[in-house]
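Participant: The structure is given below, and queries will be raised subsequently.
The values are calculated or read from the model by the stated rules, or taken from the named source; none is laboratory data. Bear in mind that the values here come from a model prediction, so they are computed numbers and not experimental data. No Cβ is skipped: glycine too gets one built from the backbone with ideal geometry, and neighbour counts run over all protein chains shown. Accessible surface is based on the protein model in full, side chains and every heavy atom, while ligands, DNA and RNA are left aside. Shrake-Rupley method; radii C 1.70, N 1.55, O 1.52, S 1.80 Å.
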Amino acid sequence: MSADIDVLGRRLTESLARGGHFQAGWTQAVFERVPRHLFAPETVWTWDAATSRWVPVRRGRAPEDWARLVYGEDAVVTQVDDGGMGPGREATSSISAPAAVLNMLASLEPRPGDRVLEIGTGSGYHTALLCERVGEQRVTSVEIDAKLVRAAVRALADAGYRPHVVWGDGELGWPDGAPYDRLISTAAVRRVPPAWLEQVRPGGEIVTPWFPNYHGRGLIWLRMGDNGTAQGWFHGREAFMPVRGQRAERLDVRAVWEATRHEARRAASGPDLRDLDAHGEFALSVRLPGVGCYRQEHDGWFFLSEDNASWAQLSGGTAFRHGDRDLLAEVAAAVEWWRAHDRPKLFDFGVTVTKDRQDIWLRAPDRIVGAMGV
Ligand SMILES: C[S@@+](CC[C@H](N)C(=O)[O-])C[C@H]1O[C@@H](n2cnc3c(N)ncnc32)[C@H](O)[C@@H]1O
């Protein structure tokens, strides 16, 4: 290990320790046994705001920049545009951000010997951490991209791990290894796939990043009941790339606004969103499923319906709306609802999932306040 990587690795560990991220069996010792750089490919990617695209950072050419990205606090993008010849705009695989990884693993709380199904092998980094905790024989990991599968199997073997890594669509789970005690996805879903409910045993647990709309984010923890229903709580607000089959059409918010702004109507006033924090934003996505909520510079807000046909903008005391839906009024009602319910935190919301429904509830399963991704 080069001195650089040593120092950067130590700095990252210290910062995670300060942030209280080593918890529930995911100790600093476990984390340190799996060096991130063993899983990072020669080329990783960094966002260039000036050209609005991902640009490569090669270990051979810029080893220090590469190491800084690999041992940074953010996710490290390891593939763009599915490894194809796209415009370099879409990150399609990454080594997840260290704090997010630890938070998710702490929510999962697998015990040594548990059978774990992981969706989204990516680089294999997270798979290796699972091997450390439950044993490599107990881990099955599914990745949809065949090239990534090959690279992950190699990296895992080089690092000393031989879990069962398979090429497939993780939305279908991996029935051959079922039933599982735990299922963890490192790709986000809007709709929890029915196969997951079938393949996790009653009493088993599912942890997955979850998105209510294109720009929304969340993390859900579910326990399987014995009737094919899973129930649990929102545990965080993680942002992950979606599973391939649930990729929303990429909304180019600016393009929608530019194409229609001359038709927008100025409203006499808009809702006051000054107290709307991240929890309030989450509540908005519960109350207005499918409406994207974009915080803009200088305290501005932009809301866009999923069909791109209606939007509302609040900026510097002025309010505009466009389209058939009055999103200004809908947002105002949703924010009022949040205030009237004592500004619930996202941790106050839970979800009940069956193969046909996802009901969101507030504080208790019988207080359903939204149905999402159904
Ligand atoms: C955030 S990355 C995974 C990070 C990974 N756990 C790591 O530590 O490197 C998400 C991964 O999910 C994969 N993926 C997307 N859709 C999938 C699907 N339907 N089934 C399995 N893998 C999928 C992507 O190809 C990508 O590699």
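Participant: Averaging sequence separations of C-alpha pairs under 8 Å and six or more residues apart, then dividing by the length of the chain, give the relative contact order as a whole percent.
Facilitator: Computed over the chain, the figure is 11 percent.
Participant: For A329 paired with T260, estimate the spin-label separation in nm (one decimal), with each label point 7 Å from Cα along the Cα-to-Cβ line.
Facilitator: Result for the modelled spin labels: 1.7 nm.
Participant: Okay, next question. Over the chain, with a Gaussian network built from C-alpha contacts below 10 Å, which listed residue (R321, R53, R61) shows the highest mean-square fluctuation?
Facilitator: For the chain, modelled as a Gaussian network with Cα springs under 10 Å, the answer is R61.
Participant: Let me ask something else. Which GluC sites (Glu not before Pro) does segment 15-102 hold that lie in a coil by DSSP with at most 14 other beta carbons within 10 Å?
Facilitator: Sparse-neighbourhood loop GluC sites (Glu not before Pro): E42, E73.
Participant: Also: In the Gaussian network model of the chain, springs joining C-alpha atoms below 10 Å, which of N213, N308, N103 carries the largest mean-square fluctuation?
Facilitator: N308
Participant: Continuing with this model, one more query. Calculated from DSSP H runs of 4 or more alone, at -39500 (n - 2.57) each and per residue, what is the 222 nm mean residue ellipticity of the chain, nearest 500?
Facilitator: -8000 deg cm²/dmol
Participant: So if I place +1 on the C-beta of Lys and Arg and -1 on the C-beta of Asp and Glu, and nothing else carries charge, what would the dipole magnitude of the chain be about its Cα centre? I want it in debye, nearest 20.
Facilitator: So the magnitude is around 240 debye.
Participant: If you average the sequence gap of Cα pairs under 8 Å that are 6 or more apart and divide by the length of segment 183-274, what percent do you get for the contact order?
Facilitator: 24
Participant: On a full-extension model of 0.36 nm per residue, what is the gain between A24 and A50, subtracting their alpha-carbon distance, rounded to one decimal in nm?
Facilitator: Gain on stretching A24 to A50: 5.2 nm.
Participant: Another question, then. Once label points are set 7 Å from the Cα along Cα→Cβ at both T43 and T229, what is their separation, rounded to one decimal in nm?
Facilitator: 5.0
Participant: Between K355 and K147, 0.36 nm times their residue separation minus their Cα-Cα distance comes to what?
Facilitator: So the extension gain works out to 71.8 nm.
Participant: Work out, in µm²/s and without decimals, the Stokes-Einstein translational diffusion coefficient of segment 187-343 at 4 °C, 1.567 mPa s, Rh from Kirkwood over C-alpha pairs.
Facilitator: Diffusion coefficient, whole number: 76 µm²/s.
Participant: With θ taken as phi - 60° and the coefficients 6.51, -1.76 and 1.60, list the Karplus ³J(HN,Hα) couplings across segment 54-63 in order, rounded to whole Hz; mark glycine and proline as x.
Facilitator: With the stated coefficients, segment 54-63 comes to 7, 10, x, 10, 9, 4, x, 8, 9, x Hz.
Participant: For segment 253-340, what's the relative contact order in percent, using C-alpha pairs closer than 8 Å and at least 6 residues apart?
Facilitator: 32
Participant: Over segment 253-340, give the accessible area per residue in Å² for a 1.4 Å probe, as an integer.
Facilitator: Normalised by residue count, the accessible surface of segment 253-340 is 50 Å².
Participant: Something else: Pop out the carbon and sulfur fraction of the accessible area of segment 232-374 as a percent, whole number, probe 1.4 Å.
Facilitator: Solvent-exposed carbon and sulfur of segment 232-374 make up 47 percent of the total.
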